[in-house]
1. Picking from GLU136, GLU127, GLU119, GLU93, which residue would you name as being surrounded by 11 or more Cβ atoms within 10 Å (Cβ to Cβ), in contact with a Lys or Arg (Cβ under 7 Å, 6 or more places away or on another chain) and over 12 Å from GLU72 (Cβ atoms)?
2. Exactly one condition in (1) closer than 16 Å to ALA5 by Cβ; (2) in contact with a Phe, Trp or Tyr (Cβ under 7 Å, 6 or more places away or on another chain) is false for VAL87; which is it?
3. Taking the residues in the stretch 20-45 that are of a type in the set (D, E, K, R) and buried (at least 16 other Cβ atoms within 10 Å of the Cβ) as candidates, determine which candidate is farthest from TYR65 (Cα to Cα).
4. Within the stretch 107-151, which residues are among the small types (Gly, Ala, Ser), out of contact with any Asp or Glu (no Cβ under 9 Å at 6 or more places or on another chain) and outside any loop (DSSP other than H, G, I, E, B)?
5. Of ALA146, ALA75, which residue is within 26 Å of ASP19 (Cβ to Cβ) and either touching a helix residue (DSSP H, G or I) at 6+ places or on another chain (Cβ under 7 Å) or of a type in the set (A, V, I, L, M, F, W, C) (or both)?
6. What are the pairs, 6+ residues apart or on separate chains, where a residue within the stretch 42-68 that is without any contact (Cβ under 8 Å) to a residue 40 or more places away in the chain and among the aliphatic types (A, V, I, L, M) has its Cβ under 8 Å from a residue that is surrounded by fewer than 17 Cβ atoms within 10 Å (Cβ to Cβ) and not in a strand (DSSP E or B)?
Amino acid sequence: MSIRAYIQDDLPAIFDIYDRSKLDELNFEDQIFTLLPLKDDEARLSGLMESDIYVYQDHNCISGYGAVCGNEIRALFVHPKFRGKGVGKKVLEFLLSLIQGQPCLYVASSNQPAKNLYELYGFSVTETFETTYNHEPVIAQKMVGAVFGTR
């Protein structure tokens, strides 16, 4: 197992993991969402590509990835086949180790499993607002963690 910096050849695996995982974070919403593949989602792809991206690789298989830009965690996705095996925690811990100052992230308000994980690492909700995914409204929340060194 290793976490390493993204290289261009990782992009197909990142697209696959995102496309298999994105709708899972919206499973707890009242409406049904249609996937907008990452390669077609200009805003999310642009935000990802301007970030520092890291992949979780075990042997030759990329099973998850995360991205950070400044103090913001912009992505944390684990392939469905590898969930429940600590991949998300390891990627989150790695990303947090890179952040100087107070980390933040954004999450769907209804995604309690993700929020529970973030709360284990000292994050708490500081803001609730409406955003959209594929032109459909979603209530999201900003979560802020403890300043590095106080964890």
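A short reminder: the numbers here are calculations on the coordinates, not readings from a lab. None of these values were measured; they are calculated from a predicted model. Here the Cβ is made from the backbone with ideal geometry for all residues, glycine too, and neighbour counts use every protein chain on show.
1. GLU127
2. (1)
3. Narrowing the stretch 20-45 to residues of a type in the set (D, E, K, R): 20, 22, 24-25, 29-30, 39-42, 44.
Subset that is buried (at least 16 other Cβ atoms within 10 Å of the Cβ): 22, 25, 29, 41, 44.
Numbers: LYS22: 13, GLU25: 15, GLU29: 24, ASP41: 18, ARG44: 15 Å.
Checked the stretch 20-45; the qualifying residue farthest from TYR65 (Cα to Cα) is GLU29.
4. SER124
5. Values: ALA146 fails: within 26 Å of ASP19 (Cβ to Cβ).
Checking each option against the conditions leaves just ALA75.
6. Listed pairs, sorted by first residue: LEU45/LYS39; VAL68/LEU98.
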